[in-house]
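Presented below is the structure to which this report refers.
Coordinate-derived values only; no laboratory data. A quick note: this is a predicted structure, and the numbers were derived from the prediction, not measured. Virtual Cβ from ideal backbone geometry, glycine too; neighbours counted across all protein chains shown.
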Amino acid sequence: MDLISIVFLLGFFVYRNCARAKEKGVSVVLWGFLTVLFMFVGFFVGYIITFLAIFRGVLDMHRLETDKVKYSEELALEFQHAVINNPVHSLAIMGCALGGYLFARYLLSTKKTPEKQGEI
């Protein structure tokens with residue numbers, strides 16, 4: 001998944017939660033920031049899960065300790081090729097990011113609407 005589509009999805013999800021926050025009468029900026037934060041946390045969790053799924057049983061910890069720079073670069077290139085060539089990995093990462101958005105939406109939906117003065 002390229003950067004433009006990630007930014008587009010991030011913007012759309014932030015817009016949706018900001019609109020929901022405006023309906024609830026709570027801080028729009030705060031909930032926009034929280035949506036971005038939770039989505040980035042979701043991206044990182046997705047990357048970690050994907051990394052562990054790709055390299056399950058393959059990592060050589062002794063080589064990582066002795067030749068850290070070269071082995072890390074090899075692992076990064078292998079991970080990049082695995083994510084690019086297999087769309088399931090990209091979907092898993094985006095699914096975790098969607099989970100971050102849904103978590104922010106859930107928190108916002110459980111937030112009580114402040115009552116206005118004079119309404120019954």
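Excluding residues fewer than 8 places away in the same chain, name every one of the aspartates and glutamates whose C-alpha is closer than 19 Å to that of K70. Straight-distance partners of K70: D60, E78.
Projecting label points 7 angstrom from Cα along Cα→Cβ for L98 and E115 puts them 3.9 nm apart.
A dipole drawn for the chain from +1 and -1 charges on Cβ atoms has a positive end, and of L107, F55, G25 the residue lying farthest that way is G25. Summing Lys and Arg as +1 and Asp and Glu as -1 over all other residues whose Cβ lies under 15 Å from the Cβ of T66 gives a net charge of -2.
With contacts taken as Cα pairs under 8 Å at a separation of at least 6 residues, segment 1-104 carries a relative contact order of 40 percent.
Approximating the spin labels as points 7 Å out from Cα along Cα→Cβ, the L37-to-L107 distance works out to 0.6 nm.
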